[in-house]
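The values are calculated or read from the model by the stated rules, or taken from the named source; none is laboratory data. Predicted model only: the values in this text are computed from it and were never measured. A quick note on method: Cβ atoms are made from the backbone with ideal geometry, for glycine too, and the neighbour counts reach across all protein chains shown.
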């Protein structure tokens, strides 16, 4: 019997006011049939359109797109218990952590739950207030822990910071966390595939077809068909793009057979694939990636 | 109908008449206190008073008030007690204390051998490892009880839980990066010990036992009241309850029943909703107030615990070098809530353990009071264990009260000296003497079920400041007198709950809520306080006796 797929848990962490709710909002609009359950601090801040609400029950709101929002109300354990009683179970859980939460603590729930696994910790760094948050007399240590715990760092509110501040922050984070992918976003606009699935192991997560919809100017997506190519070669090519790639996935083939390659949170995972390799390869990154032509050339 | 109760001594906590021998009770209230002669004067206008001598050899005090407990105390009595000390259940059954890990394991084996459904989860509670210093309980201990069913042992602190491998396999324990909360041996293998909420969560997810539902059930409430009653308590608090919509109705039905032996003050979980909604919900809850049930407090939790290294401390933080603790709410959000509640005229009790947290809470209370001045707000800091004299001075200026966690001195005093605080700072732990010296209204508490609920024991802790290892914390300036400690568990706590006009002292017009003791605590003195036998209580004139006490 195959092991049932565990529900991935994504933790959105960051200082109070760093844009966690905006990001979550934006992710929910891209659910596209995926049953996402969002655990939030405050429904009000989510600003859900009345016409999108299918049903309201206690501290849960079911949306017409199949997603569910749960208010945490300072009781994380109770909320997790309630979420894991949903029928059907969610396909993905996203939690909007409080501004002082230690994301690794929240991740602990996934590590003792038979049906859950940690997908990733995404920490938002507010470009306009980083200089204050990192020196806050009571919260600086906590803030540093949130950043250190991240599998994906996102500089948020870039529109509110001047170019020099932004460049300094970017450098600071790259030097301190060279292995952690670094993205930038305004108003929470991030493609869902750049945020969810940081650890995903299931090939059916692979976005099919060409890039869907316009990407925000902070992100680029490239898709192509690769002829048979050795796994180490793909890894080598990805390495050359390293700081600028957020995620990459492909079902490819080489002389040992078909394989799935998955790159997220700075790590490469490769698994044999049972079936015909399509050669399909998708890459999401920051605008610093080479242009499409150059990418096509590289791959 | 009026009854005069004759006692060996009555300690009233009323400064105008601190000591008496007779108390007249009528319609649930105190008609008179004094001598037999004093009683006689009332008969002309109020009719004959019947003399009752049942307590003629006893000592009467105002019913004790536990200002910081949780009704969760009542939830475990359907499971198996494996604590160090003998403990009396709500039905009067005495569960014998177990004096070693081997005794605990042997007891669990005996339970497993004798029970019918051997596959059902086996849940035990009250395990107190502070008395077992040679080794920690591990998965092999619990595997020896059974490998075919879940075996779970909750620690007395409720912060830790042990599980056998049946549970760990069911939970598919994973994630080396969370080792902080999953204790591991030198090879990285989990030892079966889980910290914080994780253990509880895992127990629920693998056994299907809904501890949350049990925690808020009427049975739990009744058990809680009976456990508290046996220690002389007539008013207790459930000091944080999210009170989901509709939950007040069954709660009130349970509590208003004549045989429910206690008054309960429920503190609404202040950040379970956004500030505006929370204020509205609190107003709604207050419509359910009765003589025995009160929704009068808001509880906010701002940091964690010292022994769990999650309290927020000022530099240099923890003695053993552990990194600083956790905020449970953003200070900014705490400020928003305090403003909203202060504006609405709602009293807030703020949980602060570390001194950094205490300072931030005072900052936020001050901001709220500047925005919405309120002379008798009586906001109170709960636990507030590491407050300095400077903090107490500031609390006095701001009109903030304190309810100190005096039981900590006994249970974790040694750990605070040697591990968390170091000797200098441990001296000021739960500084009741300091609070009184600076003029801060004082109550003291057990935080049951975190430590055992027994106000006389809590008083003993504040008076003697002695750890379980036999060490005295501080240099004497932090101790309070027996009289001050008795005041703290009666009038002091009543004041912190804004109930000082109703309960907390024995004087004409107040509710007939009385603790009936075998001996007079003033006569017994500091050493013997905790060992005084509680004969029973009177609640609104109705007597509730403990079984088999003399």
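Brief remarks on what is shown
- Test: residue in the range A:108-130 that is in contact with a helix residue (DSSP H, G or I) (Cβ under 8 Å, 6 or more places away or on another chain), in a helix (DSSP H, G or I) and within 30 Å of residue B:362 (Cβ to Cβ): yes
- Any hit, the range A:144-164, residues being within 14 Å of chain B (Cβ to nearest Cβ) and in contact with a helix residue (DSSP H, G or I) (Cβ under 7 Å, 6 or more places away or on another chain): yes
- Only one of A:107, A:101, A:97 that is at the interface with another protein chain (Cβ under 7 Å from one of its Cβ atoms) and surrounded by 21 or more Cβ atoms within 10 Å (Cβ to Cβ): A:107
- Criterion: buried (at least 18 other Cβ atoms within 10 Å of the Cβ), at pLDDT 85 or above, touching a strand residue (DSSP E or B) at 6+ places or on another chain (Cβ under 8 Å) and part of a loop (DSSP other than H, G, I, E, B) - qualifying residue of A:289, A:252, A:283, A:295: A:289
- Elements of type helices (runs of 4 or more DSSP H) in the range B:153-218, at least 3 residues being under 30 Å from residue B:255 (Cβ atoms) and either in contact with a strand residue (DSSP E or B) (Cβ under 8 Å, 6 or more places away or on another chain) or within 12 Å of chain A (Cβ to nearest Cβ) (or both): B:197-207, B:211-215
- Pairs with Cβ under 6 Å, 6+ apart, first in the range B:248-277 and within 14 Å of another protein chain (Cβ to nearest Cβ), second assigned to a loop (DSSP other than H, G, I, E, B) and surrounded by fewer than 21 Cβ atoms within 10 Å (Cβ to Cβ): B:269/B:242; B:271/A:74; B:272/A:73; B:272/A:74; B:272/B:242; B:274/A:42
- Residue A:37 being more than 12 Å from chain B (Cβ to nearest Cβ), under 17 Å from the mean Cα position of the chain (by Cα) and in a helix (DSSP H, G or I): no
- Applying the condition of being assigned to a loop (DSSP other than H, G, I, E, B) and out of contact with any helix residue (DSSP H, G or I) (no Cβ under 9 Å at 6 or more places or on another chain) to the range A:58-74 and asking which residue is farthest from the other protein chains (Cβ to nearest Cβ) yields A:66.
- Checking each residue in the range A:44-57 for being surrounded by 11 or more Cβ atoms within 10 Å (Cβ to Cβ) and assigned to a strand (DSSP E or B) picks out A:53, A:54, A:56.
- Being more than 22 Å from the chain's Cα centre (by Cα), under 30 Å from residue B:355 (Cα atoms) and modelled with pLDDT under 95 is a description that applies to residue B:274.
- Only a single criterion out of (1) over 25 Å from residue B:207 (Cα atoms); (2) facing chain B (nearest Cβ under 9 Å) is not satisfied by residue A:77, namely (1).
- Here the condition is being assigned to a helix (DSSP H, G or I), in the same structural domain as residue B:402 (by TED's automatic domain parsing), closer than 26 Å to residue B:383 by Cβ and in contact with a helix residue (DSSP H, G or I) (Cβ under 9 Å, 6 or more places away or on another chain); of B:462, B:443, it holds for B:462 alone.
- Condition met for residue B:234 (more than 25 Å from residue B:328 (Cβ to Cβ), within 11 Å of chain A (Cβ to nearest Cβ) and surrounded by 21 or more Cβ atoms within 10 Å (Cβ to Cβ)): no
- Among residues that are within 14 Å of chain A (Cβ to nearest Cβ) and farther than 30 Å from residue B:183 by Cα, residue B:302 is not included.
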